[in-house]
Amino acid sequence: MSFRTLLALALLLVPAAPAWSEQSLTLGVLAFRATEQSVSRWQPLADYLHEQLPGVRVRLKAFDYQGLDEAVERQQIDLVFTNPGHYVLIAHRTGLSAPLVGQINLVEGAPVKGFAGVILVRAEDEGLRSPTDLQGKHIAIPSKSSLGGYQMQAHSLVQAGLRMPGAVKILETDMPHDRAVEALLEKRADAAFVRSGLYEALLREGRVKPGTLRVLNQQDLPNFPHKASTALCPEWPIAALPHVDDTLAARVAAALLSLPHGGETALALGIHGFTVPYNYEPVRALLENLRLPPFDAAPQFTWSDIWARYGGLLIMLGISVTSGSLLLVVLIISHRRMQATQKALRASESSYRNLFEYMTVGFALHEILLDKQGRPCDYLFLQANPAFEKLTGLEVRGILGRRVLEILPEIEPDWIENFGQVALTGQPLHFEKYSQALNKHFEITAYAPQPGLFATIFLDISERKLHEAELQQAKAAAESANRAKSRFLATMSHEIRTPLNGILGMAQALQMPEVSDTERQDSAQIILDSGKVLLALLNDILDLSKVEAGRLEVGKARCKPELLLEETAGLFAQAARDQGLELDVFWQGPAGRIYWSDPIRLRQMLSNLISNAVKFTNKGGIRVQGREIARDDGMAELRFSVSDTGMGIAEDQQHILFQPFTQIDSSDTRPHSGSGLGLSIVRSLATLMGGEVGFDSSRQSGSTFWFSVCAPVAEPTEHRAPLKQTAGNPSQNDALLFSGKKILVVDDNQINHKLLDGILRKRGLEITHAENGREALTAVTGDNPPDLVLMDCQMPVMDGLEATTHIRQWEERNRLPHLPIIALTAGAFEKDRERCLAVGMNDFLTKPVYFEQLFAVLDKWLQEKQPPGIA
């Protein structure tokens, strides 16, 4: 088998070449049907070539025969896609070399490499039963240049004994072929010559009714799905005109041959794909036999014609002179043809050699080696291209003629077995496989060009495999996150409804008759405790949202870890005693040492860890520790840990710790409640404070959870602002302090009015009410303004932000001091606080509000007049 044939087969999977300089190619297509239909059908081919040939812009134009001939002559196109007969004509006129590729058609879902001509007659014309019956009849054809629409049928009639075209009356309807059928149906013709497949297409489209027409001279062509009246001719070729650069033509051929057979683009074109060029010599012989262009002129030197015309004269001149002249002509013609053939072969070999060198997929030819039992045991490298060397890292010069086990002794045996089956059976093989020897993933096509040999085409798909693995991991992670969020929502529903049940239940119990003072106090305490649980849960959710938005903040204040540990652990002392647990607290750092940190966040983190320890420990004890583990230039690293003797955590569950929405036991029968957010918040806070988190645990052996933070050491001489004593329950002194002060409560909720009215009046305050910002503005700018305003933000008519803006503007116009305006809102995010302060409010409280917080703010702003400012 020649090198050209092997290489043509290899080009079936050649991908696009690297980017070249910007070039332009125009593909001219013969319009088999209407021009618009042809452009629509073949545009995906131009798009595919444009994609596969970086730096080359590919355009598509459709022509009839005359238009295509003119475009070729004027070099308005670079590539021509036409029927074989027309190709032979163009090749004769322009000196075209061999086509780049041949088309594989797709008929009834099966690949077909040829087509035929069809002779259609009306079913009612019983007198037309054989080709000779067409003598003297009117024949409708699309064009005499159409191979499938005239030339193949005319050749069949000549073989039947008719002299064409004089034996019939030709009616040229012009393209498309449909017009010839229309002429037959309209009885303007007795028969129609069309290409195979058209008759079936018209039946499917309903343009021809079944039983109206029949096929004359029907042939029995095995594996050909359409009715035919002639033998098969090879399918259409694509050829490059002589002015196209050889290298560019080679790239086009590589791209066309790499079009996946039966792939998405091929199906969009209505074909199976492309293959190496067919043999079009039979088509040439057909045209010569019919004396059709370009063979319609009588040859200058043929013995039969000269004898018929000048027989008497030749006899007189002598047999010797005639024989010598005739021999000279034959020698000249033979010599010219031989030169042309050799030139075409050299050009073709050069083109295919260029394709072999420029292929971006690895190609290699091998000979299989068998053992004594006839089984594949090794193979030789016979040929390989530069891309093979680049993909595998094996130098071509160093592997040719050598065995694969000599080059890659660690190669897996199944490679040799698979390739051996291809070489011995001739069945091609396409597969993907990882090579341990080369540490790469390959997509491989193997086929046998001849017995005992096999060729391989390699594509490196390692990057694609890595991407697929990453996608699978990302998909698994996303699905895991979705499951965790679903569990979280179910858990939240349970965690919210449990304290809500306590609130609603105890509230209903208080409404029952004959409730004792003790029962009333117990019910109120349960309502208060349940409300605190709900607020803690809401704060956890808000903290998580701040973490995800990157807006979680920490403060900075003087902090004594020794005192912080004792206070925080004390919150859980009673719960530990109730469970029979010992709760020990140790500060192992310098006694009395003070640091700059956020004591509120530290207490929150410790509370989460201690709460979990109490929750998951049934017996034994809990140890809470803190210590300074490092110090560098005034910056200390503090580590806090909580150890328990509880059930521990199984190794296969430890990976989900510190992840939001997750719990070790998320079943409906879990013995402990919780949102699954605590550890996630601890980790986020520790990271934000310059530290980290960790744990040590094993099943039935208890657990130790720890976190570290970075905190500057506070020098003893640093000033410490005294803490202001905040009020708890109303006292006589508080009542005297606030006596005569007037508070304006602005809220659209009557429950909030009733709550604040009852609490604040016990402090000796005078309370007035407004239900929206407009009423508040009227009250403030009236004759009896309040001393302080508690302002809700979201209200009808006019909200609190707009009302505060108008109040501050009114004060500026009248040169009045700023009235204290305190935000009391359900908006708990930092952005809500920033918006309130930005419009001129003095302080910010969130609902639900603790009374001690409210009284502290009132105490702050109801003192003697202070310079206006923002707290």
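Considering only residues that are open to solvent by less than 70 Å² (accessible area, probe 1.4 Å) and touching a residue at least 12 places away in the same chain (Cβ under 8 Å), which ones fall in segment 799-817?
Those that are open to solvent by less than 70 Å² (accessible area, probe 1.4 Å) and touching a residue at least 12 places away in the same chain (Cβ under 8 Å): Asp799, Gly800, Leu801, Ala803, Thr804, Thr805, His806, Ile807, Arg808, Trp810.
Is it true that Val194 is assigned to a strand (DSSP E or B), under 55 Å from the mean Cα position of the chain (by Cα) and in the same structural domain as Arg214 (by the TED database)?
Numbers: assigned to a strand (DSSP E or B): yes; under 55 Å from the mean Cα position of the chain (by Cα): yes; in the same structural domain as Arg214 (by the TED database): yes.
When the stated conditions are applied, Val194 passes them.
If I go through segment 384-433 residue by residue, how many of them are outside any helix (DSSP H, G or I) and either among the β-branched types (Val, Ile, Thr) or touching a residue at least 24 places away in the same chain (Cβ under 8 Å) (or both)?
Applying the first criterion (outside any helix (DSSP H, G or I)) to segment 384-433 yields 384-385, 393-395, 400-403, 408-412, 426-433.
Then drop every residue that is not either among the β-branched types (Val, Ile, Thr) or touching a residue at least 24 places away in the same chain (Cβ under 8 Å) (or both), which leaves 385, 393, 403, 408, 410-412, 426, 432.
Result for segment 384-433: 9.
How many of the residues making up segment 223-241 are of a type outside the set (Gly, Ala, Ser) and under 16 Å from Thr82 (Cα atoms)?
From segment 223-241, those of a type outside the set (Gly, Ala, Ser) are 223-227, 230, 232-238, 241; that's our starting set.
Restricting the remaining residues to those that are under 16 Å from Thr82 (Cα atoms) gives 233-238, 241.
The number of residues fulfilling the criteria is 7.
Do we find that Leu380 is modelled with pLDDT of 85 or more, outside the structural domain of Leu257 (by the TED database), among the hydrophobic types (A, V, I, L, M, F, W, C) and surrounded by 12 or more Cβ atoms within 10 Å (Cβ to Cβ) in this structure?
yes
Looking for something without any contact (Cβ under 8 Å) to a residue 24 or more places away in the chain and either out of contact with any strand residue (DSSP E or B) (no Cβ under 9 Å at 6 or more places or on another chain) or polar (S, T, N, Q) (or both) - is there at least one such residue anywhere in segment 788-798? Even if it seems obvious, please write down each step before you answer.
Step one: list which residues in segment 788-798 are without any contact (Cβ under 8 Å) to a residue 24 or more places away in the chain, which gives none.
No, the conditions are met nowhere in segment 788-798.
Cβ contacts < 8 Å: first residue at positive phi, restricted to segment 166-180; second residue not hydrophobic (A, V, I, L, M, F, W, C), any location; separation 6+ or different chain. Result?
Asp174/Asp64; Asp174/Pro142; Asp174/Ser143
Quick test for you: out of Ile461, Ile407, Ile457, pick the one residue that is surrounded by 13 or more Cβ atoms within 10 Å (Cβ to Cβ), among the β-branched types (Val, Ile, Thr) and over 29 Å from the mean Cα position of the chain (by Cα). First the steps, then the outcome.
On the way: Ile461 fails: over 29 Å from the mean Cα position of the chain (by Cα); Ile457 fails: over 29 Å from the mean Cα position of the chain (by Cα).
After ruling out the rest, the residue left standing is Ile407.
Looking only at residues that are part of a helix (DSSP H, G or I) and charged (D, E, K, R) in segment 1-53, which one is modelled with the lowest pLDDT? Let's see the steps before the verdict.
Of all residues in segment 1-53, those part of a helix (DSSP H, G or I) come to 3-13, 35-52.
When the remaining residues are screened for being charged (D, E, K, R), the result is 4, 36, 41, 47, 51.
Values: Arg4: 42, Glu36: 87, Arg41: 90, Asp47: 93, Glu51: 91.
Among those residues, the one meeting the criterion is Arg4.
So which helices (runs of 4 or more DSSP H) stay within segment 521-637 end to end and still have 1 or more residues that are modelled with pLDDT of 85 or more and touching a Gly at 6+ places or on another chain (Cβ under 7 Å)? Steps first, answer last, please.
Numbers: elements: 561-570, 573-578, 599-615.
Per the criteria, 561-570, 599-615.
Just the residues that are open to solvent by 30 Å² or more (accessible area, probe 1.4 Å) and part of a loop (DSSP other than H, G, I, E, B), please, taken from segment 434-447.
If the condition is that a residue be open to solvent by 30 Å² or more (accessible area, probe 1.4 Å) and part of a loop (DSSP other than H, G, I, E, B), then Gln436, Leu438, Asn439 are the ones that fit.
Might you check whether a residue that is at pLDDT 70 or above, crowded, with 17+ Cβ neighbours inside 10 Å, over 40 Å from the mean Cα position of the chain (by Cα) and not in a loop (DSSP other than H, G, I, E, B) occurs anywhere in segment 644-662?
So far as segment 644-662 goes, yes, one or more of its residues are at pLDDT 70 or above, crowded, with 17+ Cβ neighbours inside 10 Å, over 40 Å from the mean Cα position of the chain (by Cα) and not in a loop (DSSP other than H, G, I, E, B).
Of the residues that make up segment 781-803, is at least one in the same structural domain as Asn842 (by the TED database), of a type in the set (Val, Ile, Thr) and in a helix (DSSP H, G or I)? Steps first, please.
First, the residues of segment 781-803 that are in the same structural domain as Asn842 (by the TED database): 781-803.
Those still in the list that are of a type in the set (Val, Ile, Thr) too: 781, 789, 797.
From what is left, the residues that are in a helix (DSSP H, G or I) are none.
No, the conditions are met nowhere in segment 781-803.
Hey, among Leu221, Leu162, Leu128, which residue is in contact with a strand residue (DSSP E or B) (Cβ under 6 Å, 6 or more places away or on another chain), part of a loop (DSSP other than H, G, I, E, B) and surrounded by fewer than 24 Cβ atoms within 10 Å (Cβ to Cβ)? Working first, answer last.
Details: Leu221 fails: in contact with a strand residue (DSSP E or B) (Cβ under 6 Å, 6 or more places away or on another chain); Leu162 fails: in contact with a strand residue (DSSP E or B) (Cβ under 6 Å, 6 or more places away or on another chain).
That would be Leu128, the only listed residue that is in contact with a strand residue (DSSP E or B) (Cβ under 6 Å, 6 or more places away or on another chain), part of a loop (DSSP other than H, G, I, E, B) and surrounded by fewer than 24 Cβ atoms within 10 Å (Cβ to Cβ).
Answer with yes or no whether Ala448 is more than 23 Å from Leu400 (Cβ to Cβ), of a type in the set (Gly, Ala, Ser) and either in contact with a Phe, Trp or Tyr (Cβ under 8 Å, 6 or more places away or on another chain) or at pLDDT 85 or above (or both).
Details: more than 23 Å from Leu400 (Cβ to Cβ): no; of a type in the set (Gly, Ala, Ser): yes; either in contact with a Phe, Trp or Tyr (Cβ under 8 Å, 6 or more places away or on another chain) or at pLDDT 85 or above (or both): yes.
Against the criterion (more than 23 Å from Leu400 (Cβ to Cβ), of a type in the set (Gly, Ala, Ser) and either in contact with a Phe, Trp or Tyr (Cβ under 8 Å, 6 or more places away or on another chain) or at pLDDT 85 or above (or both)), Ala448 does not qualify.
If you go through segment 101-113 one residue at a time, do you hit one that is farther than 18 Å from Leu216 by Cα, in a loop (DSSP other than H, G, I, E, B) and touching a Phe, Trp or Tyr at 6+ places or on another chain (Cβ under 9 Å)?
So the first thing to find is which residues in segment 101-113 are farther than 18 Å from Leu216 by Cα, and the list is 101-113.
Applying the additional criterion that residues be in a loop (DSSP other than H, G, I, E, B) yields 108-109, 113.
Subset that is touching a Phe, Trp or Tyr at 6+ places or on another chain (Cβ under 9 Å): 113.
Yes; the residues of segment 101-113 include at least one that is farther than 18 Å from Leu216 by Cα, in a loop (DSSP other than H, G, I, E, B) and touching a Phe, Trp or Tyr at 6+ places or on another chain (Cβ under 9 Å).
So is Lys209 of a type in the set (Lys, Arg), part of a loop (DSSP other than H, G, I, E, B) and either buried (at least 16 other Cβ atoms within 10 Å of the Cβ) or touching a helix residue (DSSP H, G or I) at 6+ places or on another chain (Cβ under 6 Å) (or both) or not?
Numbers: of a type in the set (Lys, Arg): yes; part of a loop (DSSP other than H, G, I, E, B): yes; either buried (at least 16 other Cβ atoms within 10 Å of the Cβ) or touching a helix residue (DSSP H, G or I) at 6+ places or on another chain (Cβ under 6 Å) (or both): no.
No; evaluated as a whole, the condition is false for this residue.
I'd like to know if segment 824-846 contains one or more residues that are among the polar types (S, T, N, Q) and within 47 Å of the chain's Cα centre (by Cα).
Within segment 824-846, the subset among the polar types (S, T, N, Q) is 825, 842, 846.
Adding the requirement that they be within 47 Å of the chain's Cα centre (by Cα) leaves 825, 846.
Yes, there is a match, as at least one residue in segment 824-846 is among the polar types (S, T, N, Q) and within 47 Å of the chain's Cα centre (by Cα).
Please go through (1) in a loop (DSSP other than H, G, I, E, B); (2) in contact with a Leu (Cβ under 8 Å, 6 or more places away or on another chain); (3) buried (at least 18 other Cβ atoms within 10 Å of the Cβ) for His261 and return the number of the only condition it doesn't satisfy.
The failed condition is (3).
For residues that are open to solvent by 80 Å² or more (accessible area, probe 1.4 Å) and modelled with pLDDT of 90 or more, tally how many sit in segment 835-857.
Total meeting the criteria: 2.
The values are calculated or read from the model by the stated rules, or taken from the named source; none is laboratory data. This one's a predicted model, so the numbers in the text were calculated from it and none came from an experiment. Positions of Cβ are generated from backbone atoms using ideal geometry, with glycine treated the same way; all protein chains shown enter the neighbour counts. These area figures cover heavy atoms from the full protein model, side chains too; ligands, DNA and RNA do not enter into them. Shrake-Rupley method; radii C 1.70, N 1.55, O 1.52, S 1.80 Å.
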